[in-house]
Each structure stands twice: as C-alpha cells, then as structure tokens.
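The structure's right below; bear with me while I get my questions together.
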Amino acid sequence: MVDYTCQDIAKMIDHSLLRPDLTDEDIVKGCEIARKYNVASVCCRPSDVALAKKLLEGSEVKVGAVVGFPHGTHKTETKVFEAEQAIRDGAEELDMVIHIGKLRSRDFEYVKRDIQAVVEVAHRHGVIVKVILENCYLTDELKRIGCRLAEEAGADFVKTSTGFGPGGATIEDLILMRQSVSPKVQVKAAGGIRDLDAALKVREVGATRFGATRTEEIMEECYRRKGKEECC
C-alpha cells in the first residue's frame with residue numbers, strides 16, 4: 001500500500017451531517033470538526049447549506065448538499081430546483097440519488113436524463129456532482145449500467161450508497177464501480193466507513209472520497225499511528 005499522510009486521509013472525507021434528527025447545534029459541531037481536520041467537505045441536508053457555508057467561511061472545506069435524498073424518487077424538475085437552491089445557498093458539491101426504481105425497471109433513458117439535468121445545472125456553476133446508485137438494491141449488471149449512465153450524463157463521481165439503505169459500501173462494489181467508469185470519473189464510498197483501516201481499504205481499491213460520521217475517530221487514529229498525539 002502506498003504510504004499516506006493524515007492530510008491525505010482528511011481530503012478523502014466528506015463529513016456527513018445528514019441524520020434527520022440533527023439540531024442546529026449538531027451542525028455547528030460537525031462543521032467545527034470538519035474545519036479542525038481540514039476534510040474535503042461537509043455533506044449536509046439542503047436546509048443546512050447556508051448555515052454550513054457561513055460556519056466554514058475562510059476554510060478550505062467545501063460545502064456539499066444532497067439532492068433527491070434519500071430515495072431518489074423526486075421528479076427530475078424537483079431535483080433540478082433543489083440543486084439550484086443548494087447552489088444559491090453556497091453548495092460547491094452535490095450528491096444526487098438516481099431514481100432507483102427506474103434503473104431497476106431498465107428505463108435507462110430516464111435515469112440518464114435525470115442525472116444529466118442536475119449535472120447541467122451544477123456544471124454551469126462550477127459545482128461537481130456525485131451520483132448515488134444505492135447498490136444494495138441493484139444487481140452487479142445494474143451497478144455497471146448505472147455507472148456508465150452516470151458517466152455518459154457527465155457526472156464527476158459515482159457513489160455506492162446513501163448510508164440510509166439496508167447496505168453500504170463494499171470492497172467488491174468499489175472494485176466493480178472503478179472498473180465500470182473511465183479514469184475521469186471518481187468513486188466515492190458511503191455507508192460503513194467507521195475506522196482508519198476501512199478508510200485505507202477503500203483508498204487501496206481506488207475510491208478517492210468516502211462519507212463518514214466518525215471523522216474525529218478516524219483522524220485521531222491516523223495521527224496516533226503517525227506518532228502524533230493529536231491533530232492541530
């Protein structure tokens with residue numbers, strides 16, 4: 001395995017602030033953690049984007065928002081509106097859920113158009129899009145097809161899961177997804193990345209981002225292994 005620095009690991013982390021019960025105080029604490037460890041981004045609920053943007057002002061941490069979350073069954077027009085509003089509120093990244101039922105129905109044109117509509121809005125503003133497949137509901141064939149559709153629609157990332165389905169990221173799925181897209185599309189793991197060893201495993205198979213709620217524990221373990229008592 002290629003050696004890593006703790007900042008390498010931090011810049012793989014999208015610190016997840018998506019639980020429905022999170023309070024404003026929880027969002028503040030989450031953004032403090034994200035800023036402390038200088039992670040890649042916070043991934044938050046649409047209504048929290050403006051607050052997160054304010055809290056992270058002056059840092060390198062980007063603000064991400066979810067679109068069509070968590071089931072992906074919003075109409076395309078609703079997803080586009082949600083994306084536009086998130087961008088106005090300060091989102092620099094969007095994690096959108098595909099219409100899982102349409103992919104399972106093999107209505108591939110619908111799935112591609114749905115992704116493309118959000119991508120077009122996002123890219124117009126320099127915002128990247130991560131497309132969530134929710135692999136636990138899909139066959140390997142449909143995972144591959146979903147990845148290809150996302151790339152054809154212009155997505156920047158394909159992502160394993162919302163973290164709210166019955167299954168999360170697996171190493172097997174990450175390998176499959178990495179093989180299903182070209183090098184210009186990155187892969188994000190979500191669901192089940194709870195410690196540093198899990199982070200290193202997803203990194204080893206080609207994931208460049210992962211969602212985490214246990215950012216603090218992962219990063220403190222990293223600093224301990226590197227011979228430092230704590231970060232910062």
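Rounded, prolate or oblate: pick one for the chain, where a ≥ b ≥ c are the square roots of the eigenvalues of its C-alpha gyration tensor, a/c under 1.5 means rounded, and failing that, prolate if a/b is larger than b/c, else oblate.
Working: a/c = 1.90, a/b = 1.27, b/c = 1.49.
Oblate is the answer for the chain, as a/c is 1.5 or above yet b/c matches or exceeds a/b.
Evaluate the distance, in nm, between pseudo-label points positioned 7 Å from the Cα of D195 and of E152 along their respective Cα→Cβ axes.
Inter-label distance under the simple model: 4.2 nm.
Separate question: At most 15 other Cβ atoms within 10 Å and a DSSP loop assignment: could you name the trypsin sites (Lys or Arg not before Pro) in segment 35-99 that fit? Don't skip to the answer; put the middle values down first.
Details: sites: R35, K36, K53, K54, K62, K75, K79, R88; in loops: K75.
Loop-located and lightly packed - K75.
With the cut-off at 1.5 for a/c, could you classify segment 1-75 from its C-alpha gyration tensor as rounded, prolate or oblate? Walk me through the numbers on the way to the answer.
Working: a/c = 2.25, a/b = 1.42, b/c = 1.59.
It is oblate, given that a/c is not under 1.5 and a/b is not larger than b/c.
Modelling each spin label as a point 7 Å along the Cα-to-Cβ direction, I'd like the D21/F108 distance in nm, to one decimal.
Roughly 4.2 nm, to one decimal.
Here's another thing I want to ask about it. Suppose a student asked you for the relative contact order of segment 80-232, using Cα pairs under 8 Å spaced at least 6 residues apart; what percent would you report? Display every interim value, and only then the final one.
Numbers: 249 pairs, mean separation 26.1, N = 153.
Here the relative contact order equals 17 percent.
Additional query: 7 Å from Cα along Cα→Cβ at both C231 and K36: what's the point-to-point distance in nm?
Computed distance between label sites C231 and K36 equals 0.8 nm.
What size of dipole, in debye to the nearest 20, comes out for the chain about its Cα centre when the only charges are +1 on Lys and Arg C-beta atoms and -1 on Asp and Glu C-beta atoms?
Details: 35 positive and 39 negative charges, 93 e Å.
With only Lys, Arg, Asp and Glu charged at Cβ, the dipole is about 440 debye.
Let me ask another. Per residue, how large is the accessible surface of segment 99-232? Use a 1.4 angstrom probe and give square angstrom.
Details: 6210 Å² over 134 residues.
Accessible surface, normalised per residue, equals 46 Å².
What is the packing order of peptides 153-159, 106-112, taking the mean over residues of other C-beta atoms within 10 Å and listing the highest first? Present the calculation step by step, with values, prior to reporting the outcome.
Values: 153-159: 23.4, 106-112: 16.7.
Going by the mean number of other Cβ atoms within 10 Å, highest first, we get 153-159, 106-112.
The values are calculated or read from the model by the stated rules, or taken from the named source; none is laboratory data. Treat the numbers as computed from the prediction; the structure is a model and nothing was measured. No Cβ is skipped: glycine too gets one built from the backbone with ideal geometry, and neighbour counts run over all protein chains shown. Heavy atoms of the whole protein, side chains included, go into the accessibility calculation; ligands, DNA and RNA do not. Shrake-Rupley method; radii C 1.70, N 1.55, O 1.52, S 1.80 Å.
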